[in-house]
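Okay, so here's the structure we're looking at.
The values are calculated or read from the model by the stated rules, or taken from the named source; none is laboratory data. All of these numbers come straight from a predicted model, not from anything done at the bench. Positions of Cβ are generated from backbone atoms using ideal geometry, with glycine treated the same way; all protein chains shown enter the neighbour counts.
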Amino acid sequence: MNMRLDRFLDAHPEWRGNVDLIIRPPSAAEVLEEWPDAAGGEVLAHVNTWTHFGVTRASIYMLSRRSGQSHRFAEMVAMQRPPRPDTDDVQMEGIPRVREQANEPYMRDVLARAKARGFTPPDDAIYHSGLARFPGDHEAFITPEMGRGYIRSLCERRGWGAVGDMEIAPREPERDPLESAPPMAEDLVQRTTATMVRRDPALKELSRAELRQRAIDKYGPSK
């Protein structure tokens with residue numbers, strides 16, 4: 001055993017029975033082999049990240065689990081992240097609001113599409129693109145008051161599954177989600193078809209009716 005390792009173990013005796021984690025840091029596959037419930041965890045994306053302790057995050061995670069800690073606690077230690085209250089405010093902290101993104105091209109387009117359907121998003125809302133059935137979907141704008149309870153009920157109603165902070169089992173939706181979507185204004189349909197043709201000139205070969213239907217199928221029903 002080399003002198004540097006000896007000094008490390010003298011300073012951190014808790015590692016003495018787990019020298020393998022220091023000499024050969026575990027890979028993501030090795031973490032999962034020993035602790036299958038780590039699947040989907042944040043630590044797996046940082047297994048090769050070295051900490052200022054001189055060991056990897058994966059090594060710290062494995063040591064914590066071998067010491068009897070839960071996945072959640074071990075991941076918190078490995079990521080060197082202090083515990084925080086699991087509230088809606090904490091979960092939404094740091095995510096840009098509509099008012100902070102209003103001048104960005106992407107958000108300008110999203111807001112224009114939402115307003116064309118008769119919905120003006122609140123300034124303090126967050127646009128969750130993962131919940132949008134089409135760009136500007138009013139159900140994808142979430143205010144702090146709505147929180148995760150709204151997201152859960154929305155996913156359950158649509159039959160969508162989720163993993164992570166919320167575990168929701170997927171199911172077949174009771175109806176086509178687009179059936180309940182506000183219709184696209186006719187001017188938006190026209191702008192959308194023009195954009196589609198500009199991006200793919202081959203679409204010029206389609207009839208006006210076929211092109212219009214493609215836009216509606218992709219972005220939602222029309223009025």
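How many of the residues in region 1-42 are aliphatic (A, V, I, L, M) and under 16 Å from Arg72 (Cα atoms)?
Residues flagged as aliphatic (A, V, I, L, M) and under 16 Å from Arg72 (Cα atoms) within region 1-42 amount to 4.
List the pairs whose first member sits in region 128-157 and is closer than 18 Å to Asp217 by Cα, whose second member is part of a strand (DSSP E or B), and whose Cβ atoms are under 8 Å apart, counting only residues at least 6 apart or on separate chains?
Cβ pairs passing all conditions: Leu131/Ile142.
Restricting to region 25-43, name every residue that is of a type outside the set (Gly, Ala, Ser) and touching a Phe, Trp or Tyr at 6+ places or on another chain (Cβ under 9 Å).
Within region 25-43, Pro25, Pro26, Val31, Trp35, Val43 qualify.
Got a number for residues in region 32-62 being in contact with a helix residue (DSSP H, G or I) (Cβ under 9 Å, 6 or more places away or on another chain) and either hydroxyl-bearing (Ser, Thr, Tyr) or not in a helix (DSSP H, G or I) (or both)?
Residues in region 32-62 being in contact with a helix residue (DSSP H, G or I) (Cβ under 9 Å, 6 or more places away or on another chain) and either hydroxyl-bearing (Ser, Thr, Tyr) or not in a helix (DSSP H, G or I) (or both): 14 in total.
Residue check, Arg133 against (1) within 30 Å of Arg24 (Cβ to Cβ); (2) at pLDDT below 85; (3) touching a Pro at 6+ places or on another chain (Cβ under 9 Å), all met but one. Which one?
The failed condition is (1).
Are there helices (runs of 4 or more DSSP H) fully within region 89-160 with at least 3 residues that are of a type in the set (Val, Ile, Thr)? List them.
Here the list is empty.
Specify which of the listed residues (Pro26, Pro82) is at pLDDT 80 or above, in a loop (DSSP other than H, G, I, E, B) and farther than 30 Å from Phe119 by Cβ.
Pro26
Just the residues that are over 20 Å from Arg191 (Cβ atoms) and surrounded by 14 or more Cβ atoms within 10 Å (Cβ to Cβ), please, taken from region 100-121.
Scanning region 100-121 gives a single hit, Gln101.
For region 61-71, enumerate the residues that are within 25 Å of the chain's Cα centre (by Cα) and surrounded by fewer than 21 Cβ atoms within 10 Å (Cβ to Cβ).
Ser70, His71 - these are the residues of region 61-71 that are within 25 Å of the chain's Cα centre (by Cα) and surrounded by fewer than 21 Cβ atoms within 10 Å (Cβ to Cβ).
Taking region 29-49 as the search range and keeping residues that are among the hydrophobic types (A, V, I, L, M, F, W, C) and in contact with a His (Cβ under 8 Å, 6 or more places away or on another chain), which one is modelled with the highest pLDDT?
Trp35
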